[in-house]
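Each value in this text was obtained by applying a stated rule to the coordinates, not by laboratory testing. Computed from a predicted structure; not experimentally measured. Here the Cβ positions follow ideal geometry from the backbone for every residue, glycine too, while neighbour counts run over all protein chains shown.
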C-alpha cells in the first residue's frame with residue numbers, strides 16, 4: 001500500500017489561521033477584567049455525553065506528520 005502525501009491547500013492554511021486567531025482572541029478576551037466571552041458550564045452532566053472522549057488533535061497531527069516523514073523516507077530509499 002502506497003501512502004500519498006498531499007500538499008496543503010491555501011484554503012487549509014486559511015482555515016487554520018482563522019481558528020488560531022479566533023481562539024487567541026477568545027483566550028485574550030476571557031483573561032481580561034471585563035471579558036466579552038462567557039464560559040458556559042453545565043450544572044449537571046449531560047447523559048448523552050457520558051461516554052464522550054475528547055479528541056487530541058495535536059497528538060493526531062503529530063502522528064500523521066511522523067507517518068508522512070517515514071513514508072517519504074521509505075519511498076525515496
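For the range 47-58, which positions are farther than 29 Å from residue 5 by Cβ and either surrounded by 10 or more Cβ atoms within 10 Å (Cβ to Cβ) or more than 24 Å from the chain's Cα centre (by Cα) (or both)?
Filtering the range 47-58 down to residues farther than 29 Å from residue 5 by Cβ leaves 47-52.
Within the range 47-58, 47 is the sole residue that qualifies.
For the range 5-24, check the following and say yes or no: at least one residue is touching a helix residue (DSSP H, G or I) at 6+ places or on another chain (Cβ under 8 Å) and either on the phi > 0 side of the Ramachandran plot or touching a residue at least 24 places away in the same chain (Cβ under 8 Å) (or both). Reasoning before the result, please.
Kept after step one, since they are touching a helix residue (DSSP H, G or I) at 6+ places or on another chain (Cβ under 8 Å), are these residues of the range 5-24: 5.
Going one step further and asking which of them are either on the phi > 0 side of the Ramachandran plot or touching a residue at least 24 places away in the same chain (Cβ under 8 Å) (or both), we end up with 5.
Yes.
Okay, residues lined up against (1) surrounded by 10 or more Cβ atoms within 10 Å (Cβ to Cβ); (2) in a loop (DSSP other than H, G, I, E, B):
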| position | (1), (2) |
| --- | --- |
| 22 | yes, no |
| 36 | no, yes |
| 45 | no, yes |
| 60 | yes, no |
| 73 | no, no |
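Out of all the residues in the range 1-20, which are outside any helix (DSSP H, G or I), surrounded by 10 or more Cβ atoms within 10 Å (Cβ to Cβ) and under 22 Å from the mean Cα position of the chain (by Cα)? I'd like the intermediate steps shown before the answer.
Pass one, the range 1-20, residues outside any helix (DSSP H, G or I): 1-9.
If we keep only those that are surrounded by 10 or more Cβ atoms within 10 Å (Cβ to Cβ) too, we end up with 3, 5.
5 - this is the single residue of the range 1-20 that is outside any helix (DSSP H, G or I), surrounded by 10 or more Cβ atoms within 10 Å (Cβ to Cβ) and under 22 Å from the mean Cα position of the chain (by Cα).
Pairing residues of the range 56-77 that are in contact (Cβ under 8 Å) with a residue 40 or more places away in the chain and on the phi < 0 side of the Ramachandran plot with residues that are exposed (fewer than 10 other Cβ atoms within 10 Å of the Cβ) and part of a loop (DSSP other than H, G, I, E, B), at Cβ distances under 9 Å and at least 6 apart in sequence or on separate chains, gives 71/2; 71/4; 75/2. For the range 47-58, a residue qualifies if it is over 27 Å from residue 28 (Cα atoms) and not in a loop (DSSP other than H, G, I, E, B), and the qualifying residues are 47, 48, 49.
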